[in-house]
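Trainee: Before I ask anything, let me first share the structure, which is written out below as structure tokens.
The values are calculated or read from the model by the stated rules, or taken from the named source; none is laboratory data. Every value quoted in this text rests on a predicted model; they were computed, and no experiment measured them. Reconstructed Cβ throughout: ideal geometry from the backbone, glycine too, with neighbour counts over all protein chains shown.
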Amino acid sequence: MDLLGNIIGPLFWYIVAISVLITVHEFGHFWVARRAGVTIKRFSIGFGKPLWLRRGRDGTEYALSMIPLGGYVSMLDDRFEDVPAAEAAAGAHNHKHPFAKILIAFAGPLFNLLLAVALFWLVFVIGKPDYPPIIGTPSGEMARSGFAQGDEIRSADGQPVTSWEQLGMAIGMGAAYRRDVQMTGVSRTGEPFERVLALSGLTTEGSERDQYLAIGYRPDDQPIAHALPDPTAPAAKAGIQVGDRFLTVNGQAVATAGEFFDQIQAGAATSAPIKLELDRSGTRREVFVTPRQDEVGGQTVYRIGVQLGRNQTVVTQYGPVKALGRAVARTAESTWNTVVILKDMLVGALSPKQISGPITIARVAEMTAEDGPIHFLGLLAVISVGLAVLNLLPVPILDGGHILYYSIEWIRGRVLSERELVTGQAIGMAMLAGLIGLAFFNDFARLFE
């Protein structure tokens, strides 16, 4: 894939993700403000010059603007414009009771949490395919900790594990906190085991890919075409079909998806096209493919556009009623985890390198979109929770800061002075600028690792 493709793909999916999340956030403010009697001057999807503008019968302008990176709600405020006293008293935001203003500020994060519940509900109702938590050929810390190919993990740190995603989250949290992970499971022969994955000694140096390789875990999948998501990719153009089992890559036998991936990387670096021998319903065939080049975390990766693994058969799926309960529980769990992570970063228990910015979000959004709409919806739900929690921080210019202001106003019986507001805004801007700067620094560090 060329440089332009590496930019356009992530940028497109970032715009899609952030536009949905921030528009829902702003609609929360809009919906509650209208019910609190606040006059809404404009509700815009996007920023900048309006590309489409319509005025409602209530006088509110509804706009689609040029920059599709969210939206905003403009409310009447007689501190910044001249309006008749009666109109200001009836509909100006600054004339409303502090409790009403608190509700308006809280509505944005609340709608993000409700969106997360809705998205998780869709994921659970439709069903999300995943790999079973069975270890492939281990290396690194997995091998040194005694794990073997075919080991099925049943629990991690006392929590049940039923899918590869859950296993990955447990290992990822252990790696982030540099703590060992206690696991139980059964071997390929059915013997139960208890083992400790030693992650407390992981070095903080190296890229995320380096640390992934140092841990040394991958699913026990097979080199079988499970899906061909892109009809323009080399695999589809070469005539590869779902269900084809790959036997050799440039004459080298492959028995696992990991071996297939490694041989594709080796073959693409030395020859083009690559000869693949495959089995289709008992008939051996040969095809030739020229992999596309991609950049992942600063590493060159060659892909042919095929998802492997016939054992991708674990599907988390529930009926509509049970799915709602699971969605609420998943949103609550994700919210709590986000709060704990932020707290641990503030006290130094977790490295600030874990903070991600727009570049990382864009790359992850593209990768999950390539995996399928269910995976993308799940990512949107997680980011929506993060956006809600971040906005509730008591930092001026964020919703949490506004809630703090209005609470003080309610207790004191008067609004904060202009000096207090300006000072708070300056502090908030400095804190937010520092956070954004750190996020971008981490993003660029990952790109060039």
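A quick yes/no check of all residues on (1) in contact (Cβ under 8 Å) with a residue 12 or more places away in the chain; (2) among the aliphatic types (A, V, I, L, M); (3) under 25 Å from GLY9 (Cα atoms); (4) out of contact with any helix residue (DSSP H, G or I) (no Cβ under 9 Å at 6 or more places or on another chain):
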{"residue": "ASP262", "(1), (2), (3), (4)": "no, no, yes, yes"}
{"residue": "LEU278", "(1), (2), (3), (4)": "yes, yes, no, yes"}
{"residue": "GLY282", "(1), (2), (3), (4)": "no, no, no, yes"}
{"residue": "TRP336", "(1), (2), (3), (4)": "no, no, no, yes"}
{"residue": "ALA369", "(1), (2), (3), (4)": "yes, yes, yes, no"}
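Trainee: Sort out which residues of the stretch 24-60 are closer than 30 Å to ARG363 by Cα and part of a helix (DSSP H, G or I), and write them in order of number.
Mentor: VAL24, HIS25, GLU26, PHE27, GLY28, HIS29
Trainee: Among the small types (Gly, Ala, Ser), modelled with pLDDT of 80 or more and over 30 Å from PRO229 (Cβ atoms): which single residue out of GLY325, GLY319, GLY305 fits that description? Write out each step before concluding.
Mentor: Numbers: GLY319 fails: over 30 Å from PRO229 (Cβ atoms); GLY305 fails: over 30 Å from PRO229 (Cβ atoms).
Of the residues listed, the single one that is among the small types (Gly, Ala, Ser), modelled with pLDDT of 80 or more and over 30 Å from PRO229 (Cβ atoms) is GLY325.
Trainee: For ILE7, state whether it is in a helix (DSSP H, G or I) and either surrounded by fewer than 20 Cβ atoms within 10 Å (Cβ to Cβ) or touching a Leu at 6+ places or on another chain (Cβ under 7 Å) (or both). Spell out the reasoning first.
Mentor: On the way: in a helix (DSSP H, G or I): yes; either surrounded by fewer than 20 Cβ atoms within 10 Å (Cβ to Cβ) or touching a Leu at 6+ places or on another chain (Cβ under 7 Å) (or both): yes.
Yes: the conditions hold for ILE7.
Trainee: Could you tell me which of the residues LEU103, LEU114, LEU21 is part of a helix (DSSP H, G or I), buried (at least 18 other Cβ atoms within 10 Å of the Cβ) and touching a Ser or Thr at 6+ places or on another chain (Cβ under 9 Å)? Write out each step before concluding.
Mentor: Numbers: LEU103 fails: touching a Ser or Thr at 6+ places or on another chain (Cβ under 9 Å); LEU114 fails: buried (at least 18 other Cβ atoms within 10 Å of the Cβ).
Being part of a helix (DSSP H, G or I), buried (at least 18 other Cβ atoms within 10 Å of the Cβ) and touching a Ser or Thr at 6+ places or on another chain (Cβ under 9 Å) holds for just one of LEU103, LEU114, LEU21, which is LEU21.
Trainee: Also, quick follow-up: Inside the stretch 230-261, can you point out the residues that are exposed (fewer than 15 other Cβ atoms within 10 Å of the Cβ) and under 27 Å from the mean Cα position of the chain (by Cα)?
Mentor: PRO231, THR232
Trainee: Pick from the stretch 250-303 the residues that are part of a helix (DSSP H, G or I) and among the β-branched types (Val, Ile, Thr): which of them is farthest from TYR217 (Cα to Cα)?
Mentor: From the stretch 250-303, those part of a helix (DSSP H, G or I) are 257-270; that's our starting set.
Then keep just the ones that are among the β-branched types (Val, Ile, Thr); that gives 264, 270.
Working: ILE264: 19, THR270: 27 Å.
That would be THR270.
Trainee: Could you check the stretch 61-97 and list, in sequence order, the residues that are assigned to a strand (DSSP E or B), surrounded by fewer than 17 Cβ atoms within 10 Å (Cβ to Cβ) and polar (S, T, N, Q)?
Mentor: SER74
Trainee: Quickly run through the stretch 414-449 and pick out the residues that are in contact with a Ser or Thr (Cβ under 8 Å, 6 or more places away or on another chain) and at pLDDT 80 or above. Lay out the reasoning, then the answer.
Mentor: The initial filter retains those residues of the stretch 414-449 that are in contact with a Ser or Thr (Cβ under 8 Å, 6 or more places away or on another chain), namely 439, 442-443, 446, 449.
Of everything in the stretch 414-449, just one residue is in contact with a Ser or Thr (Cβ under 8 Å, 6 or more places away or on another chain) and at pLDDT 80 or above, namely ALA439.
Trainee: Hey, does the stretch 139-153 have a residue that's modelled with pLDDT under 90, of a type in the set (Val, Ile, Thr) and buried (at least 19 other Cβ atoms within 10 Å of the Cβ)?
Mentor: no
Trainee: Same structure, new question: With the stretch 347-449 as the region, which helices (runs of 4 or more DSSP H) entirely inside it contain at least 3 residues that are more than 20 Å from THR23 (Cα to Cα) and in contact with a Pro (Cβ under 9 Å, 6 or more places away or on another chain)?
Mentor: Working: elements: 358-371, 373-391, 399-412, 418-447.
The qualifying helices (runs of 4 or more DSSP H) are 358-371, 399-412, 418-447.
Trainee: Sort out which residues of the stretch 137-153 are outside any loop (DSSP other than H, G, I, E, B) and over 15 Å from ASP220 (Cα atoms), and write them in order of number. Walk me through how you get there before you give the answer.
Mentor: Kept after step one, since they are outside any loop (DSSP other than H, G, I, E, B), are these residues of the stretch 137-153: 140-144, 152-153.
Residues satisfying the conditions are GLY140, GLU141, ARG144.
Trainee: Cβ-Cβ distance below 7 Å, separation of 6 or more or different chains: which pairs start in the stretch 433-449 with a residue that is closer than 16 Å to LEU390 by Cα and end on one that is at pLDDT 75 or above and part of a helix (DSSP H, G or I)?
Mentor: LEU438/PRO352
Trainee: Taking PHE193 as the residue in question, decide whether it is closer than 30 Å to GLN182 by Cα and more than 32 Å from the chain's Cα centre (by Cα). I'd like the intermediate steps shown before the answer.
Mentor: Numbers: closer than 30 Å to GLN182 by Cα: yes; more than 32 Å from the chain's Cα centre (by Cα): yes.
Yes.
Trainee: Hey, another quick one. Is at least one residue of the stretch 230-242 under 26 Å from ARG330 (Cα atoms) and either modelled with pLDDT under 90 or not assigned by TED's automatic domain parsing to the domain that holds TYR302 (or both)? I'd like the intermediate steps shown before the answer.
Mentor: Narrowing the stretch 230-242 to residues under 26 Å from ARG330 (Cα atoms): none.
Looking for residues that are under 26 Å from ARG330 (Cα atoms) and either modelled with pLDDT under 90 or not assigned by TED's automatic domain parsing to the domain that holds TYR302 (or both), one finds none in the stretch 230-242, hence no.
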